Amino acid sequence: MDNKQFKRIVVLYFSPTGNARKVATEIGEKLSQILQLPVEKMSFTLPKERKNSFIFSQDDIVICTTPVYAGRLPNKLLPFIQENIKGNGAIAITVNVFGNRNYDNAPIEFYNEMKKNGFAVAGVAAIPTEHVFLEDIGRGRPTSQDMVPAFDFAEKVAKKILEGNVSGDLDVPGAYPAPYYTPLGEDNQPVQFLKAKPETHLELCDSCGACARRCPMGAISFEDTSLVPGICIKCQACVKVCHTKAKHFTDKAFLSHVQMLANNYLRPAEGVFVV
């Protein structure tokens, strides 16, 4: 088998702050160099992008990526992934990014969901990035050194594809199904902040609307961006995109969890690569 049976590499991403998109794109470009195939990018980050299904075929190689939320795939996105991403025999490479704490059970969950969706999974990766809650946690990751094993992973996946050796059966660490990670506070006791939402320094906000446009849940009002009537998944997209630094969180439980992360997870976490 050679790469002539394939027409393209697709980077398919849910990436509110851009970390997952960046990492998966770099892996896709490495695969593209080896397999001599064009790379296309497709996003299901925004609500309007999730109005359609993503249907693939046997001539596609799909790098599908999401961040890790609470040790698993983002729970609000899981139904979309299950119902609207179909492989029909396409090859998949799953890539999770995690904020330097732990990838937990997201890789094995992603692997199993993509198999159920009709993909032959050629490789599974989880790669540490800077945590969206606090830049000090994994600051600057992934570094060029972090990407060395990621590119080695891409080379091994490409070799499997060229050899026609993609059975779809991989030994992925973790448990499936598994509970979501329970966030802990600074005292290492469980905390709940599901209802926490971003607030706005009104004196700083210039009503540019960037936060509402970037919100992956469509939770922020376009008419008054200080209002968040929808569901917030704490992805920090609005905080990151706000050019005046008006968006912020004040929920005590959430901030206690952030401090716990800062107290315990400044060390460089290891990724995982399964081929």
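Here is how the numbers come out for the structure above:
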| read-out | value |
| --- | --- |
| Residue selected from segment 205-255 under the condition among the polar types (S, T, N, Q) and at negative phi, by the criterion most open to solvent (accessible area, probe 1.4 Å) | T250 |
| Residue identified as polar (S, T, N, Q), touching a residue at least 60 places away in the same chain (Cβ under 8 Å) and more than 24 Å from K160 (Cβ to Cβ) among N75, N52, N84 | N75 |
| Of all residues in segment 100-118 being open to solvent by 10 Å² or more (accessible area, probe 1.4 Å), touching a residue at least 60 places away in the same chain (Cβ under 8 Å) and part of a loop (DSSP other than H, G, I, E, B), the one that is farthest from P173 (Cα to Cα) | R101 |
| Scan of segment 214-225 for residues that are closer than 14 Å to V239 by Cα and either among the small types (G, A, S) or outside any loop (DSSP other than H, G, I, E, B) (or both), ordered by number | R214, A219 |
| Which numbered condition K30 fails, given (1) within 18 Å of the chain's Cα centre (by Cα); (2) outside any loop (DSSP other than H, G, I, E, B) | (1) |
| Checklist (1) more than 18 Å from the chain's Cα centre (by Cα); (2) open to solvent by 80 Å² or more (accessible area, probe 1.4 Å); (3) under 19 Å from K22 (Cα atoms) applied to D152, failing item | (2) |
| Among the residues listed as V11, V23, the single one being in a strand (DSSP E or B) and either more than 19 Å from G164 (Cβ to Cβ) or open to solvent by 50 Å² or more (accessible area, probe 1.4 Å) (or both) | V11 |
| Meets criteria (at pLDDT below 95 and open to solvent by 40 Å² or more (accessible area, probe 1.4 Å)) for N3 | no |
| Options C232, C211: the member that is of a type outside the set (A, V, I, L, M), in a helix (DSSP H, G or I) and modelled with pLDDT of 95 or more | C211 |
| Check on V132, among the aliphatic types (A, V, I, L, M), open to solvent by 30 Å² or more (accessible area, probe 1.4 Å) and outside any loop (DSSP other than H, G, I, E, B) | no |
| Every residue from segment 177-204 that is buried (at least 17 other Cβ atoms within 10 Å of the Cβ) and either modelled with pLDDT under 95 or out of contact with any Pro (no Cβ under 8 Å at 6 or more places or on another chain) (or both) | G185, A196, K197, P198, T200 |
| Some residue of segment 80-92 being charged (D, E, K, R), open to solvent by less than 30 Å² (accessible area, probe 1.4 Å) and modelled with pLDDT of 95 or more | no |
| Only listed residue being out of contact with any Lys or Arg (no Cβ under 7 Å at 6 or more places or on another chain) and closer than 19 Å to K22 by Cα, chosen from Q82, Q145 | Q145 |
| Top-ranked residue of segment 26-51 - restricted to ones that are in contact with a strand residue (DSSP E or B) (Cβ under 8 Å, 6 or more places away or on another chain) and among the acidic types (D, E), ranked as most open to solvent (accessible area, probe 1.4 Å) | E29 |
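The values are calculated or read from the model by the stated rules, or taken from the named source; none is laboratory data. The structure presented is a predicted model; accordingly, all values stated were derived computationally and were not measured. In this analysis, Cβ positions are derived from the backbone assuming ideal geometry, glycine residues included, and neighbour counts consider all displayed protein chains. Just the protein is used for accessible areas: all its heavy atoms, side chains included, with ligands, DNA and RNA removed. Shrake-Rupley method; radii C 1.70, N 1.55, O 1.52, S 1.80 Å.
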